[in-house]
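Only one structure is covered here, and it is reproduced in the block below.
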Amino acid sequence: MASSDNFEPSSLSHQSTKPPSNLCMQKFRLYETRSNFYMIGRDKSRTYWRVLKIDRLDPSELNVREDSTTYTERECSDLLRRIHEGNKATGGLKFVTTCYGIVGFIKFLGPYYMLLITKRRQIGAICGHAVYAISKTEMIPLPNSSVRSNIINSKNENRYKKLLCTVDLTKDFFFSYSYQIMRSLQRNMCDTETGHVLYETMFVWNEFLTRGIRNHLQNTTWTVALVYGFFKQDTLEISGREFILTLIARRSRHYAGTRYLRRGVNEKGRVANDVETEQIVFEDVPEGLPIKISSVIQNRGSIPLFWSQETSRLNIKPDIILSKKDQSYQATKLHFENLVKRYGNPIIILNLIKTHEKKPREAILRQEFANAIDFINKDLSEENRLRFLHWDLHKHFQSKATNVLLLLGKVAAYALTLTGFFYCQVSSTLRPEDCLKWPSTDDVDKGSFSPTVHVEYDNEDANDLERKPSDEINVSNENHSAKPPRLQNGVLRTNCIDCLDRTNVAQYAYGLAAIGHQLHSLGIIEHPKIDLDDPVANDLMQFYERMGDTLAHQYGGSAAHNKIFSARRGQWRAATQSQEFFRTLQRYYSNAWMDAEKQDAINVFLGHFQPQQDKPALWELGSDQHYDTGRIGDDDARSFFKRSFSDGNILRDSSTPMPASNAKDEKFSNPGLPDRSGEGSKAFCESSPEISTTETESDISFSRYTPSMPRRQLFVDMQKERCAESHHIYYSEHGDSFSCSNFVDLDWLSSSANSCEEDPYERSSITNSPVGGLSSENVVNGEIVGETTASTSDWGSTSLKVPLVMV
């Protein structure tokens, strides 16, 4: 190890102990000499000790070296003593701080800084692996005082440091040393990949900050991977038995930002407010006994179209700006291709935005989204088509909140039949070798699967992979009495306008439908259904309400609007209205006055903007759209939208359409979503119901858009045109003419709005349909639906056409 110090760490004579391949160090001590920092790291058991050396003499470069030797505690103490003795002439070796991992390194206009976690707190554990939140951090400049330039104290340098510190790492960031918290339980159980590829996934927010040290060392021993979102774990009880519930929300770092500065989709198919939610259930058992554990994944994200809203301090209801530049929906298609790579098929879209409006506003986006889905589905095979339900939550909320939750529960329960959920049995402390102990594919529900199948990673989304059935499988199972594992394949994607308030209600309904089946699979309850009046349902609602508030603060600037939850609890209506009004004002203030700086901080933290000498400073560029476009080849670039400060128009941007060839440059190409160029579809899919005022109407401006015919006639005519072009679009015959789906029977859904006695998870009459939700008696355009191929929801099937994917 080359050094300007008078001592070489590797020159110490000792008998090295070979560390295990999965060694993870959890506590560190930082020391300094005039020319170097020395970081001493050890594992939890204090058995293995390592040394990292960081140069302090070159202020413009990051130079780190790792001693390849593994020391014992005594040898490490001797090493530090010798370093001190060798540097006495320049002040010796001094202790700086204790820390718990490196967040990363960053450079503004002057030297590099090192970001350290100096205090942590445990917030949970998954299969014996602790999960931590950050309590305190410290940013330390690398150069010593003798080589620091005057830039380190310049006005702009200090402003960048202050800006970075506005990203509060003590709020909503979490990590684990030994569990890959950036991935789902199913992915971790079915894939032992470690190292760089995990940091390059979409949910690791310090990927940019750690890039330098990871490239130097070619390992991730010294850094921690930070996930941003929500983590909550607690012990609940049902039927006299305790179980542990964990709710995790992982926010994507791609196209990340604040409400009005990040809307819709970018050219690479990344959407704003993209959040993966995982619900994990397991029973705490004595050490040494196997653990039965289950998880289910769902997703939320902005409507994947080119649309935006301009922040205005004068207008509490900014315009919706819908661009027409991507008439072949290439970006939308890329988004759904990415979802298929991450989760597999089917992709189920639950679109909750409004349809019934005196002046169509949300309905315009609903129409365009429906057109995009229709356009994409025309090129897909029957089993790979996007499943959708456009369901206006606002209209349904006008009756009773309980009815809304019951109806959403029916949709959720049926969606669960299509995607399934994950279940397996593991040792009490999940180890890498557990990932290989899978039964043969004949015993795996939801189709055949081999955990040893080779996977090719997308360099950008290492967590996005597609598993394919293997013909040659030889996987042992020591737990011969265990139930066969189940795998989730596909995902429910929910959206409203902001993907905060209404979306959170729907995600709770899905979580409630899932937890019944999860507890049943664990053998805790006899029947796979939890009633809304059950105490566990109320406990789960508190989990989702807390998650909703956290995600809303991150993206929207205030807690979520929780009208439906408040009504469910029987909260006084006047108190609810007062609370909702306050949150509307809080969100407006944050969006108008705080979000620009917040977006700047996020862009610096994620590396979307990198300060340079003799270049304009971040705060001199004006619009966020100007500087994130094309920076360092990131995923978050988006072309500039024409803005208007009018009093509420929906503007149609007539930008030049994106060339279809753009899609050919993308890294992910899913055969389930083939490329299609040409003009956008003219058909209109009436597939959206109305949405609850849980997201206040002040969130979006009213529009001057005036149809050339009465609004109802416009939608009815478009609905008929859409019906004529599709074989499997299903409309309700019970007055809900503005709801539409191609996977769920709307008459069945609406016929028992006050009852969910029939569990759709067991409804074979519906699951026989290749598009789901359409019973074999339904006839659309003269074609009998449900007599073609078997449904992907048939758990026992081993002839599925859809590949299994790790979610």
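Give the stretch 506-524 a look and list any residue that's within 26 Å of His553 (Cα to Cα) and either surrounded by fewer than 19 Cβ atoms within 10 Å (Cβ to Cβ) or under 17 Å from the mean Cα position of the chain (by Cα) (or both), or say none.
Of everything in the stretch 506-524, those that are within 26 Å of His553 (Cα to Cα) and either surrounded by fewer than 19 Cβ atoms within 10 Å (Cβ to Cβ) or under 17 Å from the mean Cα position of the chain (by Cα) (or both) turn out to be Ala506, Gln507, Tyr508, Tyr510, Gly511.
Applying the selection to the stretch 149-176, what residues are touching a Phe, Trp or Tyr at 6+ places or on another chain (Cβ under 8 Å), open to solvent by less than 50 Å² (accessible area, probe 1.4 Å) and part of a loop (DSSP other than H, G, I, E, B)?
Val167, Ser176
For Arg270, work out the one condition from (1) at pLDDT 95 or above; (2) surrounded by fewer than 24 Cβ atoms within 10 Å (Cβ to Cβ) it doesn't fulfil.
(2)
For the stretch 525-538, how many residues are within 17 Å of Thr235 (Cβ to Cβ) and open to solvent by 10 Å² or more (accessible area, probe 1.4 Å)?
Let us first name the residues in the stretch 525-538 that are within 17 Å of Thr235 (Cβ to Cβ), namely 525, 530, 534-538.
Okay, now just the ones that are also open to solvent by 10 Å² or more (accessible area, probe 1.4 Å), so 525, 530, 534-535, 538.
Of the residues in that region, 5 qualify.
Does Met202 satisfy the criteria of being in contact with a Ser or Thr (Cβ under 8 Å, 6 or more places away or on another chain) and closer than 30 Å to Asn489 by Cβ? So that I can check it myself, show each step before the final result.
On the way: in contact with a Ser or Thr (Cβ under 8 Å, 6 or more places away or on another chain): yes; closer than 30 Å to Asn489 by Cβ: yes.
The answer is yes for Met202.
Listed here are the residues, each with its yes/no results for (1) open to solvent by 10 Å² or more (accessible area, probe 1.4 Å); (2) modelled with pLDDT of 75 or more; (3) in contact with a Phe, Trp or Tyr (Cβ under 8 Å, 6 or more places away or on another chain).
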position: Leu365; (1), (2), (3): no, yes, yes
position: Ile376; (1), (2), (3): no, yes, yes
position: Asp379; (1), (2), (3): yes, yes, no
position: Phe388; (1), (2), (3): no, yes, yes
position: Val411; (1), (2), (3): no, yes, yes
position: Lys437; (1), (2), (3): yes, no, no
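So that you can scan it fast, the table gives a plain yes or no per residue for (1) without any contact (Cβ under 8 Å) to a residue 12 or more places away in the chain; (2) in contact with a Leu (Cβ under 8 Å, 6 or more places away or on another chain); (3) under 30 Å from Asp172 (Cα atoms):
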residue	(1), (2), (3)
Leu93	no, yes, no
Thr98	no, yes, yes
Arg121	no, no, yes
Val147	no, yes, no
Asn150	yes, no, no
Tyr160	no, yes, yes
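Tell me, please, whether a residue that is within 30 Å of the chain's Cα centre (by Cα) and hydrophobic (A, V, I, L, M, F, W, C) can be found in the stretch 135-146. Give the derivation first.
Taking the stretch 135-146 as the starting set, the residues that turn out to be within 30 Å of the chain's Cα centre (by Cα) are 135-139.
Checking the rest, the ones that are also hydrophobic (A, V, I, L, M, F, W, C) come to 139.
Yes.
What is the one condition in (1) in a helix (DSSP H, G or I); (2) of a type outside the set (Gly, Ala, Ser); (3) modelled with pLDDT of 95 or more that Ile348 does not satisfy?
(1)
For the stretch 195-202, check the following and say yes or no: at least one residue is part of a helix (DSSP H, G or I), open to solvent by less than 10 Å² (accessible area, probe 1.4 Å) and either modelled with pLDDT under 95 or in the same structural domain as Asn299 (by the TED database) (or both). Working first, answer last.
Within the stretch 195-202, the subset part of a helix (DSSP H, G or I) is 196-199.
So of that shortlist, the ones also open to solvent by less than 10 Å² (accessible area, probe 1.4 Å) come out as 198.
Applying the additional criterion that residues be either modelled with pLDDT under 95 or in the same structural domain as Asn299 (by the TED database) (or both) yields 198.
Looking for residues that are part of a helix (DSSP H, G or I), open to solvent by less than 10 Å² (accessible area, probe 1.4 Å) and either modelled with pLDDT under 95 or in the same structural domain as Asn299 (by the TED database) (or both), one finds at least one in the stretch 195-202, hence yes.
Answer yes if at least one residue in the stretch 64-73 is surrounded by fewer than 19 Cβ atoms within 10 Å (Cβ to Cβ) and assigned to a strand (DSSP E or B), and no otherwise.
Yes, the stretch 64-73 contains at least one residue that is surrounded by fewer than 19 Cβ atoms within 10 Å (Cβ to Cβ) and assigned to a strand (DSSP E or B).
How many residues are part of a helix (DSSP H, G or I) and open to solvent by less than 30 Å² (accessible area, probe 1.4 Å) when one looks only at the stretch 213-233?
Initially, the stretch 213-233 is screened for residues part of a helix (DSSP H, G or I), giving 213-217.
Restricting the remaining residues to those that are open to solvent by less than 30 Å² (accessible area, probe 1.4 Å) gives 213-214, 217.
Count: 3.
Would you check which residues across the stretch 488-502 are at negative phi and modelled with pLDDT under 95 and list them?
First pass over the stretch 488-502, keeping only residues at negative phi: 488-489, 491-498, 500-502.
Within the stretch 488-502, Cys496, Ile497, Asp498, Leu500, Asp501, Arg502 qualify.
Residue by residue through the stretch 223-253, note down the ones that are without any contact (Cβ under 8 Å) to a residue 60 or more places away in the chain, polar (S, T, N, Q) and closer than 27 Å to Lys268 by Cβ.
Within the stretch 223-253, just Ser252 meets the criteria.
The values are calculated or read from the model by the stated rules, or taken from the named source; none is laboratory data. Please read these numbers as outputs of a predicted model, since none were measured by experiment. Backbone-built Cβ (ideal geometry, glycine too); neighbour counts: all protein chains shown. Surface areas here come from the heavy atoms of the whole protein model, side chains and all, with no ligands, DNA or RNA. Shrake-Rupley method; radii C 1.70, N 1.55, O 1.52, S 1.80 Å.
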